[in-house]
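Comments concern the structure below.
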Amino acid sequence: MLAGVMLVTMFPGVLRNLIARAAAREASGLFAVPAFEWSWFFAPMTDAQRLRATPNLVYAVLDFALAAAFVGLWRAAPDFRVFRSMGIYLTMFGTVMLWDYIGGHPSRWFLSILTAPVLTVIAAQSMRADYRIWRWVVWPYCLLIAAIGWFAMPDLVRSSPFELTQIVLGLLILQAYRGGTLRDRRIAAVFLGLFCVRWTASPILGQLTHIPAGLTIGSWRWSFNSAAMILLGAATLVLFARDLMEDRREKQRLASELAAGRAVQQVLVAEKPPTVPGFEIHTVYKPFGEVGGDFFQILPLAGGGALIAIGDVSGKGMQAAMMVSLLVGTLHAVAESTTSPGQILSALNRLAQAHSHGGFTTCLMLRMDVDGGVTFANAGHISPYRNGTEMDCENGLPLGLVTAAAYAESRFELGSEHQLTLVTDGVVEARNEDGELFGFARTAGCAHQTADAIAKAAHAFGQDDDITVLTVRRSAVVAV
């Protein structure tokens, strides 16, 4: 990064120095700055030369065709940015080939310099390698040479961006081989082939090794580097298209799983609570994005009153939904033989221990009696609030952590003037933009309000998880 900043900082001064030196030489007669001429960009070509350059036209057409294919895939899958980058690079490389074919070889070096750093960007994106450091070296240097290259200087200086990007490309390939996945190594192998062939276009290596940069067939000169670029585009097109299909299959699988989880959750979390004589029960459930693990159940008892359970399964998605369905099914089965909150939680804990797969479940179990008595046991859940006051109880371990966990029962009275409020951690852990939690104090402060008002307050503060609120009041029919 420091090298990039230095290059960018030095560039205006270097450019001014070169212009001033050229003006001084012109004034002294030692050097005359020529006026603008088209020969800077294009050179006249004979028919024989144009025929010899025909492979460049072929390469340009193939590059543009591959670029169109990548852009089409990018339009279909905008989240795959590598499609866009590859389309841009192949368009630029095809332009270089076309530029050379129409006689632009005097200025070809300029387009090549602008194209070279784009290749390193594509390599980093394709192999999912870290490019943050190199971008501050490669881009400033290439832009600097592209600007000052119009002045008289050795060809080796103009070609130096090529060698720099080759070094960076080699390091990115090495990084992918050492720390990448099998998919990254496959793409690195493709770039390694280009890396090796690309050296044939290096002026420095050509002077040292005399390795030919191409193959002459008849009157046509076929460049190895340009051919390798076509092969790179075709190979990466196949690999990236395969990545796209695998990604879409995975997203379809997740979408199906999410839909199935929501269907299970809608069955388990009723929109309207059942009628329990002697009690007014209101519930609000606000899911947050994915299928969550919040659940509640209200089971009217034959002799009056009801069993109420509220809980939260760790995790999300189909696994959480299936765990909820197992717990709810077990709850209904166990409630046929006992109405003891502690015993019910012990039975649920044994089930959770066998099926939680390292997760856990918090659950609050209550038995509401007709006379207003409330017996409850707690497995790591938020305690109930009576008129905004948190009720004291012995808080046991969440379900699924310890097989032999015991859950002590506590009791209090719910008078006609009281409201019992049960919430999940989506209320307490609602978080605003500053990272501040809704917290227990705010929860207690609004616990006397309606279920809808409490849920709206937590949602407005900053919902960060599923929000479930359940309120219970004794109706006037049985009020004492």
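So which of ILE167, ILE133, ILE173, ILE148 ends up being within 18 Å of PHE41 (Cα to Cα) and among the aliphatic types (A, V, I, L, M)? Give the derivation first.
Working: ILE167 fails: within 18 Å of PHE41 (Cα to Cα); ILE133 fails: within 18 Å of PHE41 (Cα to Cα); ILE173 fails: within 18 Å of PHE41 (Cα to Cα).
Result: ILE148 is the single residue among ILE167, ILE133, ILE173, ILE148 that is within 18 Å of PHE41 (Cα to Cα) and among the aliphatic types (A, V, I, L, M).
Among the residues of segment 130-151, is there at least one that is within 28 Å of ALA65 (Cβ to Cβ) and of a type in the set (Ser, Thr, Tyr)?
Yes - at least one qualifying residue is present in segment 130-151.
CYS363 is checked against (1) crowded, with 19+ Cβ neighbours inside 10 Å; (2) among the hydrophobic types (A, V, I, L, M, F, W, C); (3) not in a strand (DSSP E or B) and fails just one. What number does that condition carry?
Among (1) crowded, with 19+ Cβ neighbours inside 10 Å; (2) among the hydrophobic types (A, V, I, L, M, F, W, C); (3) not in a strand (DSSP E or B), the lone unmet condition for CYS363 is (3).
Take the residues of segment 267-285 that are exposed (fewer than 13 other Cβ atoms within 10 Å of the Cβ) and at pLDDT below 85: which is farthest from GLY87 (Cα to Cα)? Give the steps one after another, and end with the answer.
The initial filter retains those residues of segment 267-285 that are exposed (fewer than 13 other Cβ atoms within 10 Å of the Cβ), namely 267, 271-272, 274-275, 277.
Cutting the leftovers down to at pLDDT below 85 gives us 267, 271-272.
On the way: VAL267: 48, GLU271: 50, LYS272: 54 Å.
The extreme case among them is LYS272.
Right, GLY400: touching a residue at least 40 places away in the same chain (Cβ under 8 Å) and crowded, with 24+ Cβ neighbours inside 10 Å or not?
Values: touching a residue at least 40 places away in the same chain (Cβ under 8 Å): yes; crowded, with 24+ Cβ neighbours inside 10 Å: yes.
Spelling it out, GLY400 is indeed touching a residue at least 40 places away in the same chain (Cβ under 8 Å) and crowded, with 24+ Cβ neighbours inside 10 Å.
Every residue in segment 405-441 that is in contact with a His (Cβ under 9 Å, 6 or more places away or on another chain) and of a type in the set (S, T, N, Q), please.
Hits for segment 405-441 are GLN419, THR421, THR424.
Would you confirm whether any residue within segment 440-462 is crowded, with 19+ Cβ neighbours inside 10 Å, in contact (Cβ under 8 Å) with a residue 40 or more places away in the chain and of a type in the set (Asp, Glu)?
Within segment 440-462, not a single residue is crowded, with 19+ Cβ neighbours inside 10 Å, in contact (Cβ under 8 Å) with a residue 40 or more places away in the chain and of a type in the set (Asp, Glu).
I'd like the full set of residues that are without any contact (Cβ under 8 Å) to a residue 24 or more places away in the chain and in a helix (DSSP H, G or I), limited to segment 308-342. Steps first, answer last, please.
Taking segment 308-342 and keeping what is without any contact (Cβ under 8 Å) to a residue 24 or more places away in the chain, we get 329-330, 333-334, 336-338.
Once the filter is applied, which keeps residues that are without any contact (Cβ under 8 Å) to a residue 24 or more places away in the chain and in a helix (DSSP H, G or I), segment 308-342 yields GLY329, THR330, ALA333, VAL334.
I'd like the full set of residues that are part of a loop (DSSP other than H, G, I, E, B) and either at pLDDT 85 or above or not assigned by TED's automatic domain parsing to the domain that holds LEU90 (or both), limited to segment 173-222.
Just the residues of segment 173-222 that are part of a loop (DSSP other than H, G, I, E, B), to begin with: 180-181, 202, 210-213, 218-219.
Hit for segment 173-222 is THR181, nothing else.
Considering every residue within segment 155-170, establish whether at least one is outside any helix (DSSP H, G or I), within 26 Å of SER107 (Cα to Cα) and touching a Pro at 6+ places or on another chain (Cβ under 9 Å).
There is at least one residue in segment 155-170 that is outside any helix (DSSP H, G or I), within 26 Å of SER107 (Cα to Cα) and touching a Pro at 6+ places or on another chain (Cβ under 9 Å).
Among all residue pairs at least 6 apart or on different chains, which show Cβ distances below 6 Å where the first residue, located in segment 352-373, is within 14 Å of LEU331 (Cβ to Cβ) and the second is of a type in the set (S, T, N, Q) and buried (at least 22 other Cβ atoms within 10 Å of the Cβ)?
ALA352/THR361; LEU364/ASN378
The values are calculated or read from the model by the stated rules, or taken from the named source; none is laboratory data. All of these numbers come straight from a predicted model, not from anything done at the bench. Here Cβ is always computed from backbone atoms with ideal geometry, including for glycine, and neighbour counts include all displayed protein chains.
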